[in-house]
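The values are calculated or read from the model by the stated rules, or taken from the named source; none is laboratory data. Bear in mind the structure is a predicted one, so any value in this text is a computation, not a measurement. Backbone-built Cβ (ideal geometry, glycine too); neighbour counts: all protein chains shown. Quick note on the areas: whole protein, heavy atoms, side chains included, nothing else; ligands and nucleic acids left out. Shrake-Rupley method; radii C 1.70, N 1.55, O 1.52, S 1.80 Å.
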Amino acid sequence: MDDLPFPMPDRPRRNRRSAAMRALVRETRLHPSDFVWPVFVVEGEGERQPVEAMPGVERYSIDVLVEEARAAFDLGIPAVALFPALTDDLKDPLATESTRPDGLLQRAVRRLKLALPEMLVITDVAMDPYSSDGHDGLLRDGQILNDETLPILAAMAVAQAEAGADMVAPSDMMDGRVGYLRDALDDAGHEQVGILSYAVKYASALYGPFRRALDSAPRGGDKKTYQMDPANRAEAMREVDADVREGADMVMVKPALAYLDVIADVRQAVDLPVAAYHVSGEYAMVKAAAEKGWLDADAVMAECLLSIKRAGATVIFTYAAREVAATLS
Ligand code: PBG
């Protein structure tokens, strides 16, 4: 003891002495209003199809979706993000199904907005769930055609807006799509429909369970000519700058946990709300380890989401939105 310096230069433990003290000095808090709950939609009535690689996640038919979304809204979750799971017979190279006013997604949006007008509905703009090639853009001769994809995405976004979507969320990573969508939405009279851009979306292996849930994996090749290289941090700013200039209302980084540095960079660089997507693989890893009894899923999930918020995300897309929101209230 005699060799301790006195007085002790600093005692950070004083601020951790009790639960009340820790609560007083806590810098970051999760709240149900931070969350967007992504949901998979299927045809049918009373359908709940468990997604094998995502324990606790089910694909819902529209009637079930409405009830589940109501429960989420009652927990304080302000928004759902919808992803349609289509059968192969509805998929084609042009993603034609994506623009039909009575397509599955459009019907789901309409029913949700009718039942829960105050809950926000965010729709995904990309060709993959509707494409027989499983790519986000138009595939021809082994190439993803950028500029030819834009009108398809625009028609999709307008169809979603007509159905009542509050925000459209382009996740396709084509160049120039935010400006193109903004123009198309404005021309169609939807200047109040927002664009949440998946500005910084990496070619990640963590999307595996999602692609299985929608059967939307690329039928050939990979997405590396449009999604970003996981090795790149500076390049994220270039994507964000472009989307801000083109009129995005929010910008997203995806995935989240392996890219917290990028979330922090984007937070510093822009004054728009920053979203982060805690993706299917990130969710599945926690659930799988918990099933083995190796970790406490609730605690780890909350810690992961907290770290995403601490890094700088204002909006967090997570499949765990409801279970975590329930523990917060
Ligand atoms: C498709 C899209 C993907 C996700 C959201 N929109 C998959 C992909 O790009 O292949 C992934 C979400 C997740 O893994 O939870 N445009």
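The table for this structure:
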| item | result |
| --- | --- |
| Rounded accessible area per residue of the chain, 1.4 Å, Å² | 46 |
| Mean projection area, nm², convex hull over Cα of the chain | 20.0 |
| Inter-probe distance in nm under a simple model that places probes 7 Å from Cα toward Cβ, at A326 and L295 | 2.1 |
| Neighbour count of at most 16 Cβ within 10 Å plus DSSP loop: longest trypsin sites (Lys or Arg not before Pro)-free window in the chain | 30-218 |
| Hull-based mean projected area of the range 1-139, where the convex hull spans the alpha carbons, in square nanometres | 14.9 |
| Rotationally averaged projected area of the range 181-313 (alpha carbon convex hull; nm²) | 9.9 |
| The chain - percent relative contact order, Cα under 8 Å, separation 6 or more | 18 |
| J(HN,Hα) series, the range 279-290, from Karplus relation 6.51 cos²θ - 1.76 cosθ + 1.60, nearest Hz, glycine and proline x | 7, 3, x, 5, 5, 5, 4, 5, 5, 5, 5, 5 |
| Calculated from backbone phi, Karplus (6.51, -1.76, 1.60) coupling profile of the range 218-223 in Hz, x at Gly/Pro | x, 6, x, x, 9, 9 |
| Reciprocal mean inverse distance between Cα atoms of the range 84-168 - Kirkwood radius, Å | 13.1 |
| Cα gyration tensor, the range 1-59 - rounded (a/c under 1.5), prolate or oblate | prolate |
| Estimated dipole of the chain in Debye, rounded to 20 [Cβ of Lys and Arg +1, of Asp and Glu -1, Cα centre] | 1340 |
| P(r), alpha carbons of the range 57-213 - 10 Å bins starting at zero, rounded % | 11, 40, 37, 11, 1 |
| Segment D175-R219, extension gain: residue separation times 0.36 nm, minus the distance between their alpha carbons | 13.6 nm |
| Most mobile of D187, D215, D102 in a GNM of the chain (Cα contacts under 10 Å) | D187 |
| For E58, distant residues with modelled amide H under 5 Å away | V51 |
| Those residues of the range 68-101 whose amide nitrogen sits under 18 Å from the label point placed on R212, 7 Å along Cα→Cβ | 85-86 |
| Förster-model FRET efficiency, 22 Å R0, R14 and D261, C-beta, rounded to 0.05 | 0.10 |
| Net +/- balance of residues flanking P84 in space, Cβ distance below 10 Å, scoring K and R +1, D and E -1 | -1 |
| Of G46, A311, P12, farthest towards positive along the dipole that unit charges on Lys, Arg, Asp, Glu beta carbons give the chain | P12 |
| Fraction of accessible area attributable to carbon and sulfur, the chain (%, probe 1.4 Å) | 51 |
| CD proxy at 222 nm, helix term only [per DSSP H run n ≥ 4: -39500 (n - 2.57); per residue of the chain; nearest 500] | -11500 deg cm²/dmol |
